[in-house]
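Report on one structure; see the data block that follows.
The values are calculated or read from the model by the stated rules, or taken from the named source; none is laboratory data. Nothing here was measured: the structure is a model prediction, and the numbers come from that model. All Cβ positions, glycine included, derive from the backbone under ideal geometry; neighbour counts span all protein chains shown. SASA here: full protein model, heavy atoms, side chains in, ligands and nucleic acids out. Shrake-Rupley method; radii C 1.70, N 1.55, O 1.52, S 1.80 Å.
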Amino acid sequence: MAVDGTDSDSLRQRVEVERIDMLYHHTRTTLATNVLLASALVAVLWPLFAHALLLGWWAAIVALVLVRLLLVRGYRHRAPDQVRRWARYLTGATLLSGLAWGLSGVLFFAPQSVLGLSFVAIVLAGIAAGSVPAYASWPPAQYSAIPTALPIAGRFLVEGGEWAVMGLICVLYLYNVQSSARQLANVIEESIRLRLEKQALAQRLGDEKQVVEAAHQAKTQFLAAASHDLRQPLQAVHLLIEVLRRTRDPAQAGALIERLGEAAGALDEVLDELLDMSRLQAGLMTPHKTAFPLNDLLSRLDGEMRLLADQKGLELCFVPTRAWVHSDPHMLLRMLRNL
């Protein structure tokens, strides 16, 4: 679907806002998991390391969880033009959290305890893997998996020997995690884009439907007005014919015949005007303005409407005038006739 530059920029901004909304939504679901895993890690490593070190690291994890919790709550009240800024805030806090988790792979590296070291490696692998669905909507935040898994991989490589194999496995695992995150980020962005384009298309179709309905309503009103325009000269013709049948005065008959001709001419003009209106609606006709005396137009109306007014018991008065107007005489006549 082709879109112009403005629509493309607007769509890009909306996609970005949706991705950042997803980032904050998924971050909220990971905070409790961070606290639980940090507490479990401290409990397992409690006999192996200094308690002050364990508690200090746990406090740092909890503090970063609280910072992100405050950001999640503050994001609900952010200004519409500050979405990207709030994304940077949460990205920074997420990267710091990843670094704090990564430090555990260095600070709590205990080769003498297979259980302790295995638990640390498993927890860090879980944190890195969990960052894929949690932060894939916003790749900068997903990079937190790098400081999470890279330190323990480096520590394995530094130890050398059989541990170096574990280091290489960690590096390969981190690469797979980042690759999966990029693929998922592309899928998320494309799905958001398609959904927003579908919504925009539905909105345009709804607007076009309203335009069509309005045009149909205008056409109905136009036909009703046309019927009214046709009925007036036809009634005048019928009345003049009826009066002409009853009269025996040649002079009066001549005047009636003259009026009958005017009414017939008015009927012919109405038909022409209806065709003109059709052309006008199609954009094929424009008003042709000219200067003409208003009194001539009023005299024509007097000839058309006099018998109709008499039939309804109404007094119809036209005040003679020397005024001239600059307009389209046919369109002005039609408007006054309707009036």
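Some notes on this structure:
- Pairs, first of a type in the set (Phe, Trp, Tyr) in the stretch 317-339, second surrounded by fewer than 10 Cβ atoms within 10 Å (Cβ to Cβ), C-beta under 9 Å, six or more apart: Trp324/Ala291
- You will find that of Leu280, Leu297, the residue that is open to solvent by less than 40 Å² (accessible area, probe 1.4 Å), of a type outside the set (Asp, Glu) and either at pLDDT below 80 or in a helix (DSSP H, G or I) (or both) is Leu297 and no other.
- Qualifying residue in the stretch 125-138 (condition: modelled with pLDDT under 90 and touching a Lys or Arg at 6+ places or on another chain (Cβ under 7 Å)): yes
- Single residue of the stretch 143-160 satisfying the filter (hydroxyl-bearing (Ser, Thr, Tyr) and surrounded by 22 or more Cβ atoms within 10 Å (Cβ to Cβ)) that is nearest to Val123 (Cα to Cα): Thr148
- Any hit, the stretch 66-76, residues being open to solvent by 50 Å² or more (accessible area, probe 1.4 Å) and over 30 Å from Phe108 (Cα atoms): yes
- Restricted to helices (runs of 4 or more DSSP H) entirely inside the stretch 101-198, those with at least 2 residues that are over 39 Å from the mean Cα position of the chain (by Cα) and of a type in the set (A, V, I, L, M, F, W, C) are 114-135, 145-159.
- Count - residues of the stretch 113-138 that are touching a residue at least 12 places away in the same chain (Cβ under 8 Å) and either surrounded by fewer than 18 Cβ atoms within 10 Å (Cβ to Cβ) or of a type in the set (Gly, Ala, Ser) (or both): 14
- Unmet criterion (only one of (1) modelled with pLDDT of 90 or more; (2) under 30 Å from Ser191 (Cβ atoms); (3) of a type in the set (Phe, Trp, Tyr); (4) in contact with a Phe, Trp or Tyr (Cβ under 7 Å, 6 or more places away or on another chain)) for Phe49: (2)
- Some residue of the stretch 242-250 being modelled with pLDDT under 75, in a helix (DSSP H, G or I) and hydrophobic (A, V, I, L, M, F, W, C): yes
- Residues that are over 18 Å from Met22 (Cβ atoms), free of Cβ contacts under 8 Å to residues at least 60 places away in the same chain and aliphatic (A, V, I, L, M) within the stretch 193-207 comprise Ala202, Leu205, listed in sequence order.
- Residue among Arg84, Arg78 that alone is within 24 Å of the chain's Cα centre (by Cα), not aliphatic (A, V, I, L, M) and not in a helix (DSSP H, G or I): Arg78
- Exactly one residue among Leu23, Leu37, Leu90, Leu45 is over 25 Å from the mean Cα position of the chain (by Cα) and farther than 30 Å from Gly160 by Cβ, and that residue is Leu90.
- For the stretch 304-316, a residue qualifies if it is without any contact (Cβ under 8 Å) to a residue 60 or more places away in the chain and on the phi < 0 side of the Ramachandran plot, and the qualifying residues are Arg306, Ala309, Asp310, Lys312, Leu314, Glu315, Leu316.
- Test: Leu36 is in contact (Cβ under 8 Å) with a residue 40 or more places away in the chain, open to solvent by 60 Å² or more (accessible area, probe 1.4 Å), over 21 Å from Glu189 (Cα atoms) and of a type outside the set (Lys, Arg): no
- Residue match in the stretch 104-112 (condition: among the aromatic types (Phe, Trp, Tyr), open to solvent by 30 Å² or more (accessible area, probe 1.4 Å), in contact with a Lys or Arg (Cβ under 8 Å, 6 or more places away or on another chain) and at pLDDT 90 or above): no
- Subset of the stretch 321-339 [open to solvent by 60 Å² or more (accessible area, probe 1.4 Å) and either among the small types (Gly, Ala, Ser) or farther than 25 Å from Leu239 by Cβ (or both)]: Arg322, Trp324, His326
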